[in-house]
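K.L.:
My questions will all concern the structure given below.
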Amino acid sequence: MMDDKVNILLVDDQPAKLLAYEVILKELGENLVKASSGRAALEYLLKNDVAIILVDVCMPELDGFELAAMIREHPRFQKIAMIFISAIQVSDLDRLRGYEMGAVDYVPVPVVPEVLRAKIKVFAELYRKTRQLERLNIELEDRVRARTAELEDSHKRLLQSEQRRSLAIAAGKMGSWDWDWVNGDWMWDEGQYQILGLDPAKFELTPANIQALLHPDDVQVLHEAWANFARGAKSYETEFRIIRPNGEVRWCAATAAASTDTGGRVIRVSGVTVDITERKQAEERQNLLAREVDHRAKNALALAQSIVRLTRGENVKTYVRSVEGRINALARVHTVLSLSSWQGAKIRKLIDEELAPYLTGEQINLSGPEMQLEPTTAQTVALALHELVTNSAKYGALSALAGRLSVSWEDDAGQLRIIWVETGGPAVEKPVARGFGTRSVIASIESQLGGQAEFDWRPEGLVCRLTVPPPQRPFAAEPVSAADSHGLRCAER
């Protein structure tokens, strides 16, 4: 502050002179401090800040020159203004010595009050302004440090924000890019390079190199979008394919916006690219699943229709029981297929489902490797097994406690072979003509799957061999008519 008082130290061994200096300088309004010796002056200096020292050259013990020398040796006091007062005539050498000791001026005795006040006033104002500058410098440095800290904090937050954005973009399989419409310069972020499977250090961003990454069938779509910008469009959205350097084809969605100058001319285009390959694949799987569900629903209805129309029974009760058994067999295999999302069914699971009511004892022996059947194959095999189980429970090995059943299967170069062997049941006679159950098994395995069904009517029990070739299509063809024996015609042997 401009009205802050400064300390002026008056040093003289004569009290009268000190009083005279005090009277002369009192009207300056500063804080006048008196010291009667050099040592007293040093003690005050060590504890207080002083603007000016008015010191008598001639003092006992420690004269003015010696005091000045001691003061200048201390780092804190090197810039204090010292004015020497001398009652004797001083030579130029004395003046030189005084200046070397740090004196800023000499005042001879007798002292002219106006001259002394003027000199003290100048140095007091100089000291005050110097302190003000120092405070301003400190405040400025504080503001600079605070502003620097703010900028560093802002830069840190920006970096963190950019890192979060980069992580979000990477997690979302997104990339951003920028194209200078005027000079043709491109800028891609790391996500853009990742989507296209490129190494930023090895790929040069040129129009030719970028176009080479686009699927040939989609190049024209992007050219048209670019042409729309030239005609005044502000943004566009489109989907296209890219071909990575390793040959992998990926689907992308791009959104871009144009920046224009004051004249409305495009100067920059910025955009975001998103990898939507998984979404496209999911859509394709969904479409395929919808078609397959429709196809399988038609097949299931056709099988149910065949079962209802072609089942025979002595009476209504027998007929209903036969239809229910075969529909239940179809429902069981449908459940197995549903649990696998219609990816297929394991052969052991199908056999266990059909023989479940008879697996409590030691009547049945099952053996064979685990095999995965296609959905259509699983449906047909399950219904054929149901026919064999039903007939065995009525007339064969499963109809007697002493009867035994062995079911084995193997994978013969991609073909499924099932061997059904019954023993210990009622005596078997070879039928004169094939029963309806036998014909339904043969029809389903041979007509639907292109396989083979062989029946050996041995006296000790039936041996049936089923051979199913590997499927030729991902799912079954459209069902044939009921008259052509589509579906398993479940009837008694």
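K.L.:
For LYS234 and GLU278, calculate 0.36 nm times their separation in residues minus their Cα-Cα distance, and state this gained length in nm to one decimal.
P.N.:
12.9 nm
K.L.:
Another question, if that's okay. Which whole-Hz ³J(HN,Hα) couplings does segment 270-279 yield from phi under the Karplus relation 6.51 cos²θ - 1.76 cosθ + 1.60, θ = phi - 60°, glycine and proline marked x?
P.N.:
Whole-Hz 3J(HN,Hα) from phi for segment 270-279: 10, x, 10, 10, 10, 7, 10, 4, 4, 5.
K.L.:
Also: Amide H of ILE85 versus every other amide H placed in the peptide plane: which residues, excluding those fewer than 5 positions away on the same chain, fall under 5 Å?
P.N.:
Result for ILE85 returns VAL55, ASP56, VAL57, VAL107.
K.L.:
Next question, about the same structure. Which whole-Hz couplings ³J(HN,Hα) result when phi for each residue of segment 260-269 is put into the Karplus expression 6.51 cos²θ - 1.76 cosθ + 1.60, θ = phi - 60°, listed in order with x for Gly and Pro?
P.N.:
10, 8, 5, x, x, 7, 5, 10, 7, 10
K.L.:
OK, next. I need the shape label for segment 172-275. Rule: rounded when a/c is under 1.5, else prolate if a/b > b/c, else oblate, with a, b, c from the alpha carbon gyration tensor.
P.N.:
prolate
K.L.:
Right, something else. Work out the FRET efficiency for TYR358 and SER408 from their Cβ-Cβ distance, taking R0 = 22 Å, and round it to the nearest 0.05.
P.N.:
According to the calculation, E is roughly 0.85.
K.L.:
Rounded to the nearest 0.05, what FRET efficiency do ALA212 and GLN160 have when you use their Cβ-Cβ distance and R0 = 30 Å?
P.N.:
Values: r = 36 Å, r/R0 = 1.21.
Efficiency at R0 = 30 Å is approximately 0.25.
K.L.:
Can you put ILE8, ILE53 in order of Cβ neighbours within 10 angstrom, beginning with the fewest?
P.N.:
ILE8, ILE53
K.L.:
Whole angstrom only: what separates the Cα centroid of segment 216-231 from the Cα centroid of segment 266-292?
P.N.:
That distance is 19 Å.
K.L.:
Based on the Cβ-Cβ distance from GLU224 to ALA290, what FRET efficiency comes out when R0 is 35 Å, to the nearest 0.05?
P.N.:
Working: r = 32 Å, r/R0 = 0.91.
Taking R0 as 35 Å, the efficiency between GLU224 and ALA290 is 0.65.
K.L.:
To make sure I understand, if each residue's beta carbon is the centre and we count other beta carbons within 10 Å, what order do LYS121, LYS202 fall in, fewest to most? Mind dumping the intermediate values first?
P.N.:
Details: LYS121 16, LYS202 7.
Neighbour counts put them in this order, fewest first: LYS202, LYS121.
K.L.:
At VAL23 and THR130, where each label point lies 7 Å from the Cα along Cα→Cβ, what is the point-to-point distance in nanometres?
P.N.:
Between VAL23 and THR130, the simple spin-label model gives 3.1 nm.
K.L.:
What are the aspartates and glutamates whose alpha-carbon lies under 17 Å from the alpha-carbon of LYS5, with same-chain residues fewer than 8 places away excluded?
P.N.:
Here the aspartates and glutamates satisfying the reach criterion relative to LYS5 are GLU22, GLU27, GLU30, ASP49, GLU125, GLU134.
K.L.:
As a quick test, which of the pairs LYS34/LYS79; LYS47/LYS79; LYS79/LYS119; LYS346/LYS430; LYS280/LYS346 have an alpha carbon distance above 27 angstrom in this structure?
P.N.:
Check vs 27 Å cut-off fails for LYS346/LYS430; LYS280/LYS346.
K.L.:
Residue by residue through segment 445-458, which ³J(HN,Hα) values in whole Hz follow from phi under the Karplus form 6.51 cos²θ - 1.76 cosθ + 1.60 (θ = phi - 60°), with glycine and proline marked x?
P.N.:
6, 7, 6, 7, 9, x, x, 9, 10, 10, 10, 10, 8, 7
K.L.:
If you find the alpha carbon centre of segment 1-44 and of segment 388-410, how far apart are they in angstrom?
P.N.:
When both Cα centres are located, 130 Å separates them.
K.L.:
Moving on to the next point. Treat every Asp and Glu Cβ in segment 7-138 as -1 and every Lys and Arg Cβ as +1, leave all other atoms uncharged, and give the resulting dipole magnitude about the Cα centre to the nearest 20 debye.
P.N.:
It comes to approximately 560 debye.
Computed from the coordinates by the stated procedures, all read-outs in this text should not be read as laboratory data. Everything numeric in this text was worked out from a predicted model, so none of it was measured. Note that we place each Cβ from the backbone using ideal geometry, even for glycine, and neighbour counts take in every protein chain shown.
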